[in-house]
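The structure appears below as structure tokens.
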């Protein structure tokens, strides 16, 4: 298992914190799961609709506050998962030494997780379903052994 998994999205208020909490809720082994945003506004609260939908699933969010992705965070991580394939190159641009440890969350399905922030509830539900499936897929690969 990777000891330090960093999940990245655009603003770190919806998708990446949701993925972080989904990993924490279902990971069979302890590890460090955390998140950041490429363009995050430091200290912003998590999207209330996503919090509500996670709570419906029994997933506790805690006191999430957005933080901007830094080179230090990337270098400290063993694995970096991004919500959109195009974000792989953005993370690698920030830290070129990250090549080989940055992957799209939807890597094996060749998919991106659409950003539901500010859209209707069904968009959030669809995004959360996809994230849940992708997290379980990653766990089946990184927790073997």
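Could you figure out which of (1) at pLDDT 95 or above; (2) closer than 15 Å to residue 9 by Cβ; (3) out of contact with any strand residue (DSSP E or B) (no Cβ under 9 Å at 6 or more places or on another chain) isn't true of residue 118?
The failed condition is (1).
Can you go through 95, 132 and tell me which one is under 19 Å from residue 18 (Cα atoms) and in contact with a helix residue (DSSP H, G or I) (Cβ under 9 Å, 6 or more places away or on another chain)?
Details: 95 fails: under 19 Å from residue 18 (Cα atoms).
Sole residue among the options that is under 19 Å from residue 18 (Cα atoms) and in contact with a helix residue (DSSP H, G or I) (Cβ under 9 Å, 6 or more places away or on another chain): 132.
For residue 2, state whether it is touching a strand residue (DSSP E or B) at 6+ places or on another chain (Cβ under 8 Å), on the phi < 0 side of the Ramachandran plot and part of a loop (DSSP other than H, G, I, E, B).
Working: touching a strand residue (DSSP E or B) at 6+ places or on another chain (Cβ under 8 Å): yes; on the phi < 0 side of the Ramachandran plot: yes; part of a loop (DSSP other than H, G, I, E, B): yes.
When the stated conditions are applied, residue 2 passes them.
Within the set of pairs 6 or more residues apart or between chains, which connect a residue that is more than 13 Å from residue 85 (Cα to Cα) inside segment 97-124 to a residue that is assigned to a loop (DSSP other than H, G, I, E, B) and at pLDDT 95 or above with Cβ atoms less than 6 Å apart?
Taking only residues 6 or more apart or on different chains, the pairs are 117/14; 117/47; 123/116; 124/116.
Would you confirm whether or not segment 88-105 contains a residue that is modelled with pLDDT under 95 and surrounded by fewer than 14 Cβ atoms within 10 Å (Cβ to Cβ)? First the steps, then the outcome.
Residues of segment 88-105 modelled with pLDDT under 95: none.
For segment 88-105, residues modelled with pLDDT under 95 and surrounded by fewer than 14 Cβ atoms within 10 Å (Cβ to Cβ): absent.
Find the residue count for segment 125-145, including only residues that are in contact (Cβ under 8 Å) with a residue 40 or more places away in the chain, more than 14 Å from the chain's Cα centre (by Cα) and surrounded by 11 or more Cβ atoms within 10 Å (Cβ to Cβ).
Residues in segment 125-145 being in contact (Cβ under 8 Å) with a residue 40 or more places away in the chain, more than 14 Å from the chain's Cα centre (by Cα) and surrounded by 11 or more Cβ atoms within 10 Å (Cβ to Cβ): 3 in total.
Which one of these is farther than 20 Å from residue 11 by Cβ and touching a strand residue (DSSP E or B) at 6+ places or on another chain (Cβ under 9 Å): 76, 104, 44?
Working: 104 fails: farther than 20 Å from residue 11 by Cβ; 44 fails: farther than 20 Å from residue 11 by Cβ.
Exactly one of 76, 104, 44 is farther than 20 Å from residue 11 by Cβ and touching a strand residue (DSSP E or B) at 6+ places or on another chain (Cβ under 9 Å), namely 76.
What number of residues within segment 24-55 satisfy the criterion of being at pLDDT 95 or above and in a helix (DSSP H, G or I)?
8
Out of all the residues in segment 61-79, which are part of a loop (DSSP other than H, G, I, E, B), surrounded by fewer than 14 Cβ atoms within 10 Å (Cβ to Cβ) and at pLDDT 95 or above? Before the answer, list the steps.
Within segment 61-79, the subset part of a loop (DSSP other than H, G, I, E, B) is 61-64, 66-67, 69-70, 77-78.
Next cut, surrounded by fewer than 14 Cβ atoms within 10 Å (Cβ to Cβ) only: 62-63, 70.
Within segment 61-79, just 70 meets the criteria.
The values are calculated or read from the model by the stated rules, or taken from the named source; none is laboratory data. No experiment lies behind these values; they were computed from the predicted model shown. Methodologically, a virtual Cβ is constructed for each residue, glycine included, from the backbone with ideal geometry; neighbour enumeration extends over all protein chains shown.
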